[in-house]
Every structure is written in structure tokens, then in C-alpha cells.
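Since the structure comes first, as C-alpha cells, the remarks are kept for the end.
The values are calculated or read from the model by the stated rules, or taken from the named source; none is laboratory data. Computed from a predicted model, the values in this text were never measured in an experiment. Backbone-built Cβ (ideal geometry, glycine too); neighbour counts: all protein chains shown. When the accessible area is computed, the model is the full protein with side chains, heavy atoms only, and any ligands, DNA or RNA have been set aside. Shrake-Rupley method; radii C 1.70, N 1.55, O 1.52, S 1.80 Å.
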Amino acid sequence: MTDEREPSPESRPSIGASDDGYPGMSVCITHSIVGPLQLPSSIAGLRISDSIIDGGAGYAISAAPLPGATGQYGPATVLERSTVFGAVAVHTLEAARDTIFTANVMVQRQQLGFLCYCYVPEGSVTPQRFNCQPDSSLRGVDSSARRSQITSRIQPSFTSAVYGEPGYAQLSVGCPDEIKAGAEDGSEMGVFHHLRQPQRVARLVTVLDEYLRHGLEVGVIYAS
């Protein structure tokens, strides 16, 4: 997904710390919506679960930029079942599971950590990736035209990517199944993983089919 939104006043860091701050500090974010995180690699670590990190068109997770520089590497990070709007630059990515990254992920030390069942844009520099998209769909595809077609199709799309609007960070109806049902347990990647939408819809359709009159069809309409 290409994020063309302009930075807004709300894009200033939600949480920030400098290198001379608290080297033993660790930050934990869960079931939250926050703006950009600017934390130095010297802190103990950053752990995020079931949350939205919104960096707008800039960096969602990085260190506070030095004068004249951008995208300094942030701390050792763990992400689970989250949606990240914006780029990520961290020293190490110890683990990422069932997470959507909408922009490039740049990890300084790729020998450590892993990503599994995530959407990671092409061009990212990360540790080993397992069952991630679009990697899994590109496996064994040699044609550059076919690869381009696959990467264009398999991208996250949202009802809205603007904070405060209905459907913010909700996967759209047209989002590809590789993402809508791409988590480890068959649910959707990202912050709404806990809703188990694919499983609930499948059960609902199965039950309704048993009781529908002949000639009628089931239709599912999602609420924002």
C-alpha cells in the first residue's frame, strides 16, 4: 500500500526519548492507537501488541533524528497482531507476528529475530521471514511481469487509513485473502486479528445455507 498522506500536526511523536535518557527503560504498548514512536536503540526494548502505530507518511518507529538526518534506527522491537502505518527503522526486530507493515521495514541487524505471517513490502531489509506476504505468493515465480502483477495485487487496503474516520485501519472488503485470512490461525493480519472475521463469516454462511429457501443466496455486509 502506498501512503500518500501528508504529515499533520498529529504526526509528532506520541512517545519519544533521547540517547541520554533512560538506557534501562523498556516500552510496552498494547490495545492502543498511537502516533510515531521515536526511541533510541540504547533503551532495553519496545514491545507492541494488538495496536495501531500511525506515522502518517513518515516513520512510525525510529529513533529521534539527528540534525540533518532521518530514520535513525530505533530499539530492539517485538510486534504482534498490529498495524503499522509508516516506515520502520529499528536496530533489531526480535519478532513480528500477524502484523501489517504498510511501508518499508529497515532492520540494522538482520542476523537476529524473525517475521512470520506478516505483510512486508518489497524492498524491506529484515531478518528471516516465514509465511509472509507477498513472499509466499512470489515463491517459484521467475517472470518479472508475473511478479509485478502479484505484488500489485497482494497489498493491504483499508476502509480508511485516516484516524478518526469510520473504518480506520479496518481491512476493506476488497483486500486480498492472502492478508484478510493470512494470519497464523487463518484470521486476518493486523490489529483486528482478534475479531476472527474469516472464521465467523465462514460459520455464518454455513449455518445460513442450511436454512435458506430455494433460490435465495447469502450476502454478508460488513459494518465499519
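Structure values in brief
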quantity	calculated
Stretch gain in nm, segment MET25-GLN110, where the contour uses 0.36 nm per residue and the Cα spacing is subtracted	28.3 nm
Per residue, in Å², the accessible surface of the chain once ligands and nucleic acids are set aside, probe 1.4 Å	53 Å²
Other-chain or far-sequence residues with amide H under 5 Å of CYS175's (modelled H)	none
Efficiency of FRET between ARG213 and ASP185 - r from beta-carbon atoms, R0 45 angstrom, step 0.05	0.85
Degrees separating the helix 144-153 axis from the principal Cα axis of the chain, which is the longest one	80 degrees
The stretch 89-224, accessible surface, carbon-and-sulfur percent (1.4 angstrom probe)	50 percent
Charge dipole of the stretch 63-158 about the Cα centre (unit charges at C-beta), most positive-ward option of TYR73, SER152, LEU93	SER152
For MET106, residues with placed amide H under 5 Å, excluding near neighbours	VAL88, ALA89, VAL90, VAL125
Choice from CYS116, CYS132, CYS28 with maximal GNM fluctuation in the chain (Cα, 10 Å cutoff)	CYS28
Exposure rule at most 10 other beta-carbon atoms within 10 Å, DSSP loop GluC sites (Glu not before Pro): the chain longest free segment	5-216
Between 0 and 90°, nearest 10: helix 197-211 axis offset from the chain longest Cα axis	10 degrees
Amide H within-cut-off set for ILE15, under 5 Å, with H built and near neighbours excluded	GLN38
Length gained when the stretch ARG139-VAL125 is fully extended (0.36 nm per residue, less Cα-Cα span)	3.3 nm
